[in-house]
Every structure is written in C-alpha cells, then in structure tokens.
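A.B. asks: Before I ask anything, let me first share the structure, which is written out below as structure tokens.
The values are calculated or read from the model by the stated rules, or taken from the named source; none is laboratory data. Just so we're clear, the structure is a prediction, and the values are computed from it rather than from any experiment. Neighbour counts run over all protein chains shown; Cβ positions are idealised from the backbone, glycine included. SASA here: full protein model, heavy atoms, side chains in, ligands and nucleic acids out. Shrake-Rupley method; radii C 1.70, N 1.55, O 1.52, S 1.80 Å.
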Amino acid sequence: MARKPLIAGNWKMNLNHFEAIALVQKLAFSLPAKYFDKVDVTVIPPFTDIRSVQTLVEGDKLLLTYGAQDVSAHDSGAYTGEISGAMLAKLGCTFAVVGHSERRTLHWESNETVLAKTKAALKNGLTPIVCIGEGLEIREAGNQVEYNLEQLRGSLAGLSADEISKVVVAYEPVWAIGTGRVATPADAQEVCKAIRGELTTLASAEVAAGVRVLYGGSVNAKNVGEIVGQPDVDGALVGGASLKADEFATLSAIA
Ligand code: G2H
C-alpha cells in the first residue's frame, strides 16, 4: 500500500501568537497546493497558538493541517492545566502528538499514560502521533530494536487493528533530538522496519502496510531526502528546523 509521506513540524515551546501567524503565512506562500499531492504537511504549535493557526488555515483555505503537542487522557473536569481531545477537535486539529520523549522524560509519562492519551485522541477523531525512541545507553548496547518494540507494545496495548490503522508512529532516538546528531538513514530504517513488523503482529499485515512511521531527531533540509528515502520511513517529525519557514518548506518539498 502506498503511504503518503507526512512532515510534521513540532514547534515545542516556541513562538508566540504573532510569530506563529508570521510563520504560517510564510509557509503558505512557500508551499503551493501542488506539493500537497505528494506530501502531507502539518504544524504542531503550542496550545496557545492553535487558534491563530486555525484562523489562517480556515480563512485562506490552506492545505496545511495542524495538531497539538499533547492531549489529556481525560474527557473533562477537574484537571487543572489539561487540554482535552474534544477541545482540540473543536479547534480543527488533525493530529495530537503523544509520548514525545520530552514528555516521557521531563513529565514522567509511562507507556500506560501514553496509551491512555492515544485512546483519548482516537476517541475524539484525532490522529495520534505516537512517539517512541531509545536513549544513548540503549543504542550503544545495541538494544535499540528490542527497546523500541517494547515501548510500541506498551503504548498501543489492547488497541484494535482498526484503531492501530489510525495512528502514526514516530521513531525519535533520544540521542538525536535537538543535538544535531542525526541517525544514519540505515539506523532509521532498521528501527522503522522493525516497528512495521511489530504492527503486523499487533494488528495485521494490511494495517502495518498502511501505517505511517516517521523518523524524528535533528532532521533538516540537508538530511531529510536520504532519511525519508528509506523504504519504511514515511516522513519526519521535525523540531528546530520547523521554526524556519524557508527550511521547513524546503524539506517538505523534498520529502
Ligand atoms: C525531536 C524533534 C522533533 P529536533 O524532538 O520532535 O526535534 O528536530 O529539534 O531534534
């Protein structure tokens, strides 16, 4: 099954309302509609910028989509600081990132939490971008495949094949995030291929063939071509380079 590449720009905790508008306007100018025939491009702003992005995307009928960097596992109620899947869906979000390593590490999110958030996203019609990835010690010990598959199984535990068919998986080795040290295309392919194999076991070969598996970690306009050229890498989750309109547009066009 042909998988359309997805380039997702994770802005992390950057850009205020005005900067968000300026970036999306530049992207709209640099990414003409024809690009969207071959690649899906999405931006993942902080919660506070989502409404600004929505206004531009809907007002100018842009083909760019957008999503959130996290979603609450809860539906509503006394959860101070949380944002629900229903709220994000109401703002027109397509995606919700779950289990980014910065949430797993800095906010102690377990696979169980990631699974609950994945379910909350699916329940509200959002596509979860489920992130997994090994630290440097695991990589140096050569245990990266086993470690990532364990995280994958934990983060998708008990989901039906139909639910799994609706997720995007992002492989982001922690040692490559924001460090400028990108995985080699072969490193990315090794783990992304193993992820697809595991999806066959968790769901079916048909589902596994359709799920998009992204690579993330220091992706830029120079290295994106080789990485997404790998047979099991279907796009990229881009951090730092997604804050620069020219570079993000260029790398989206290459993907
Ligand atoms: C990994 C990635 C975006 P960067 O976190 O999710 O960030 O491209 O800055 O390494």
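A.B. asks: Just the Cα atoms of the range 86-170, one point each, no solvent: what log10 I(q)/I(0) does Debye give at q = 0.10, 0.27 Å⁻¹?
C.D. replies: The Cα Debye sum returns log10 ratios of -0.25, -1.35.
A.B. asks: Additional query: Given 0.36 nm per residue, what is the gain on full extension from residue 91 to residue 161 after removing their alpha carbon distance, in nm?
C.D. replies: So the extension gain works out to 22.4 nm.
A.B. asks: Which of the three applies to the range 63-131, rounded, prolate or oblate, going by the alpha-carbon gyration tensor with a ≥ b ≥ c and a/c under 1.5 meaning rounded?
C.D. replies: It comes out oblate by the Cα gyration axes.
A.B. asks: Would you mind listing how long the range 1-47 runs along its three principal axes, going by Cα atoms, in whole Å with the largest first?
C.D. replies: Reported extents, whole Å, longest axis first: 39, 21, 11.
A.B. asks: Number of Lys pairs in the chain with C-alpha atoms less than 16 angstrom apart, excluding same-chain neighbours closer than eight positions?
C.D. replies: So the count of such lysine pairs works out to 12.
A.B. asks: Springs between alpha-carbon atoms under 10 Å, Gaussian network over the chain: tell me which of 234, 70, 187 tops the mean-square fluctuations.
C.D. replies: 187
A.B. asks: So which residue, out of 171, 215, 35, gets the largest mean-square fluctuation from a GNM of the chain using Cα contacts under 10 Å as springs?
C.D. replies: Of 171, 215, 35, the most mobile in the Gaussian network model is 35.
A.B. asks: May I pose another question? In terms of modelled amide H atoms, which long-range or inter-chain residues lie less than 5 Å from the amide H of residue 97?
C.D. replies: Excluding prolines and chain starts, which carry no amide H, the hits are 68, 69, 70, 129.
A.B. asks: Using only the alpha-carbon atoms, what does the range 43-192 span along each of its principal axes? Please give whole angstrom values in decreasing order.
C.D. replies: Between the extreme Cα coordinates on each principal axis of the range 43-192 lie 48, 32, 31 Å.
A.B. asks: Using unit Cβ charges (K, R positive; D, E negative) and no other charged atoms, how large, in debye to the nearest 20, is the dipole of the chain about its Cα centre?
C.D. replies: Here the chain has a charge dipole of around 560 debye.
A.B. asks: For the range 168-255, run through the trypsin sites (Lys or Arg not before Pro) and keep only the ones in DSSP coil with at most 14 other Cβ atoms within 10 Å of their Cβ.
C.D. replies: Filter output for the range 168-255: 181, 222.
A.B. asks: Normalise the Cα radius of gyration of the range 22-100 by 2.2 N^0.38 Å (N = residues in it) and let me know the number.
C.D. replies: In units of the globular-protein estimate, the range 22-100 measures up at 1.18.
A.B. asks: Ranked from highest to lowest mean number of other Cβ atoms within 10 Å per residue, what is the order of the peptides 21-28, 104-111?
C.D. replies: Final packing ranking: 21-28, 104-111.
A.B. asks: If you take the Cα atoms of the range 36-76, find Rg, then find the Kirkwood Rh from the mean of 1/r over all pairs, what is Rg/Rh?
C.D. replies: 1.05
A.B. asks: Under a GNM of the chain (C-alpha, springs under 10 Å), which listed residue has the highest mean-square fluctuation: 91, 126, 152?
C.D. replies: Comparing 91, 126, 152 in a Gaussian network model of the chain, the most mobile one is 91.
A.B. asks: A further question on this structure: Rounded to the nearest 500, what is the chain's calculated 222 nm mean residue ellipticity when only DSSP H runs of at least 4 contribute -39500 (n - 2.57) each, over all residues?
C.D. replies: Mean residue ellipticity, 222 nm, calculated: -12500 deg cm²/dmol.
A.B. asks: Scaled to the compact-protein estimate 2.2 N^0.38 Å, what is the alpha-carbon radius of gyration of the range 122-246, rounded to two decimal places?
C.D. replies: After normalising by residue count via 2.2 N^0.38 Å, the value is 1.02.
A.B. asks: While we're looking at this one, here's another question. What Rg and what Dmax come out for the chain when only alpha-carbon atoms are used, in angstroms?
C.D. replies: 16.8, 51
A.B. asks: Under the rule a/c < 1.5 gives rounded, and otherwise a/b versus b/c splits prolate from oblate, where does the range 207-252 land using the Cα gyration tensor?
C.D. replies: Prolate shape, in that a/c is at least 1.5 and a/b is the bigger ratio.
A.B. asks: Using a 1.4 angstrom probe on heavy atoms only, work out the carbon and sulfur share of the accessible area of the range 1-153 in %.
C.D. replies: 56
A.B. asks: Next question. Counting every Cα pair in the range 126-183, what percent are over 15 Å apart?
C.D. replies: Everything past 15 Å amounts to 53 percent.
A.B. asks: Mind giving me the nanometre distance, one decimal, between the label points for residue 3 and residue 63, set 7 Å out from Cα along Cα→Cβ?
C.D. replies: My value for the distance between the label points is 2.1 nm.
A.B. asks: State the extension gain, in nm to one decimal, for the chain segment bounded by residue 25 and residue 205, taking 0.36 nm per residue of separation less the distance between their alpha-carbons.
C.D. replies: 60.8 nm
A.B. asks: Turning to a different aspect of this structure: Could you please put 146, 58, 190 in sequence from largest to smallest accessible area, using a 1.4 Å probe?
C.D. replies: 146, 58, 190
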